[in-house]
Amino acid sequence: SCLMWLCSPVAEKTGKVLGEFCRCYKEQYGVALFNSVRYEIEGNGGPQAQLLHRKVPLEDHVIYSGNLFQYIEENKKWRNRFCVVPHNYGLILYENKLAYERELPPRVLINSAGYKILTSVDQYLELVNSSLPGVTPKSGHSPILKCPTDFPLILWHPYARHYYFCVMTGKEQEKWRAVFQDCVRHCNNGISEDSKVEAPAFTDAVRMYRQSKEQYGTWDMLCGNEIQVLSNLVMEELLPELRTTIGPRLKGKAQERQRTWIQISDAVYRMVYEQTKAQYDAVMAKCEQERPQMESTIRTDMDQIITSKEHLASKIRAFVLPKAEVCVRNHVQPYISSILEALMTPTSQGFAEVREVFFKEVTDMNMNIVNEGGLEKLAEYMEKLSHLAFHPVKMQSCYEKMDQLKLEGLQQRFDVSSTSVFKQRAQIHMRQQMDDAVYTFETLLHQDLGKQPGKDDLCKSIQRILERVLKKYDYDSSTVRKKFFREALLQITIPFLLKKLAPTCKGELAKFQELIFEDFASFILVENTYEEVVLQSVMKDIMQAVKEAAVQRKHNLYRDSMVMHNSDPNLHLLGEGIPIDWGEEYSGQPEAEPAADKRRRAKQVVSMIQDDEGVLPYELQPRSPEPREPEEPDPGAPLSSPDGVEEIREALAKKSLQDSVEAEEQLTNADVPSGASVQHAAPASPKPRANAPSEAGAPHATPPSPAPRAETPSLSVGMACHQPSDKETGKEVAPPGGKCSPPQPMSTTESGEGVQTEF
């Protein structure tokens, strides 16, 4: 009944937050558009990259797929699921592998942005206990979750639904954890950097909004696409109010109240998400409509706008700079070298490990070619090498170097809530540099193969090209790291300076507004110009610190004066060619595969543990020889974790061949809902938006027909309010024509007819 009266206050709070944000966004949009056009006209490019950049890195590939067990909250049972991670890093759960191969609708589609991957039930219980203060299960009572194996994998989110998985061995857990972390890392980076106007306008608007609420410093929930980030922005303010209002009203045992709170938070998050999407799309459309006129004004009056901005900056500089320089000298300058050293050590170790992994993989390939020989073997090895950067397990040794990053006392001094922002950014750079190195190696080797070398010449060519690419990698990685260090130092120090200067400077900024011509007010903002002046006050010290580190050859950084000119004038032209398909060119298999076979044998970056170890898919729950009607849950029964954990463990130990055969027979004879369109993540589908994994699984134009669901206990009460979209929020498909009601807690039906998605 809690949700019945929540619709109105949630909508009101969401509307208020988004109203303020949209005002900030409109202001920042004009500034970002001006900066983009000015950059286009004046140009200010840095050093030219030596390595090539692949445009479509994972087309026609699946990152990983395999079986694992999922806990279904509605019937409190663990079920075997076949999980597929396509090239857009969405997590897609199918009933089983056969359902995936038949292109049946998936059970769950998950965008993992904002999630944390936990490998311990104790870690999870600690987070759950802290989410609702004052509600902690007494010692000896059954916890909110029991796991039938010692190898859980839990996806925890501060606002959205949690997902519970487990596997049979530590090796499986380690591999799945690496895969899940890669998904989180990719989905967190959901704001496209290709957008030179919308992306900076959005991130600056978020920062300005939070600073208006006296919230400076890094923010852990700046992750996902724009709608997800804004939903997190609303929930950051809304959740404490809900906790205070709803917490005391929750009834039952501690575990029941915790579970109810998680469901309420998830339902509210979906309501917020849907309202946010509608409002943000509207402001985006309005800005896009006004863009041609704004851009025309900028191009016509560029010189006058620049002159006006420089005049404003000179006045603000005279007022702010003396105070800013004192603040920098006393509170920032003494710590810059310490921050830089803390950043450089793990980052450079990670990039060195990228180099080592790349070198080892190419060297091993070369030795195998010597022993086995033939272009067909080369094609097989190159097919694997071409996706090395997207192999979560092989890249894990590189990524984990960033776990050493600790700012210690500096973190508290500069109000850095977490180092995860910097860790994730460095890891994304590592993956990109690895793929650039691999792609450059591929391109040069492919060019060399045109000379049709023999086995000995081929091995010499591979060694020569490897050394050539490593030199380019060393130069590019130095450039990337220096830029990362400068950006990280600014990200740490600028919010600190703004907070320190706010009491004496911010209140005086309004008087500078009169210096801006009204015609240029959309492109010049006093607040932005003030921040640029503060940035200039510390930028010299940051540049000097990074330069000194490079001069001392610390961590293999190149000096700024060391410019590697374009020694391969035709290399970048080669990179513009058609992508290389090693299998098609050199494997000697000209015949095209049927679509079904192609899907079944989709190229996979990470090998399946189940295939390696011969583990058959199986159900954790014992099967009944006769089909039974689903039992109605007892509404009076307390919600708890499964009581049959011992029975589950016993079932896990048995895994008899008879059960597996029976399961396969049931799958083969399963009824498919007539007229239902197939929703899947076909490896050969067109490239989706990187920040919308749920759409990767829907290449068909016709949406799936909603199917009836088994009744499950829920928190909802029928009432008139806006119903969030299943497509966008990723929840279970609702029946057409149904009454509008508050969002249901996410559920997974066991009838095989429902589809559950997540953002």
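Values as computed for the structure displayed
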read-out	value
Dipole magnitude (debye, nearest 20) for the range 404-551, charges at Cβ of Lys, Arg, Asp, Glu	660
Three-way shape call for the range 19-85 based on the alpha-carbon gyration tensor, with the a/c threshold at 1.5	oblate
Unit charges on C-beta of K, R, D, E only; dipole of the range 62-188, Debye	140
Solvent-accessible area, 1.4 Å probe, carbon plus sulfur percent, for the range 62-188	49
Projected-area average for the range 155-279 over all orientations - Cα convex hull basis, square nanometres	10.4
Over 28 Å (Cα to Cα) - which of LYS13/LYS286; LYS309/LYS472; LYS13/LYS500; LYS401/LYS500; LYS286/LYS499 fall in this group	LYS309/LYS472; LYS13/LYS500; LYS401/LYS500; LYS286/LYS499
Two-site label geometry, LEU490 and LEU98: point separation in nm, points 7 Å out along Cα→Cβ	5.7
Where HIS311, HIS446 fall by accessible area, highest first, once all protein chains stay in place (1.4 Å)	HIS311, HIS446
Exceeding the 18 Å Cα-Cα cut-off - candidates LYS76/LYS146; LYS482/LYS547; LYS315/LYS506; LYS323/LYS483	LYS323/LYS483
Anisotropy class of the range 62-188 from Cα gyration tensor, a/c 1.5 cut	prolate
Per residue, the convex hull volume that the Cα atoms of the range 346-468 enclose (Å³)	94
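The values are calculated or read from the model by the stated rules, or taken from the named source; none is laboratory data. This one's a predicted model, so the numbers in the text were calculated from it and none came from an experiment. For neighbour counting, all protein chains shown are included, and Cβ atoms are generated from backbone atoms with ideal geometry for every residue, glycine included. The protein model used for the area step is the full one, side chains on, heavy atoms only, and it has no ligands, DNA or RNA in it. Shrake-Rupley method; radii C 1.70, N 1.55, O 1.52, S 1.80 Å.
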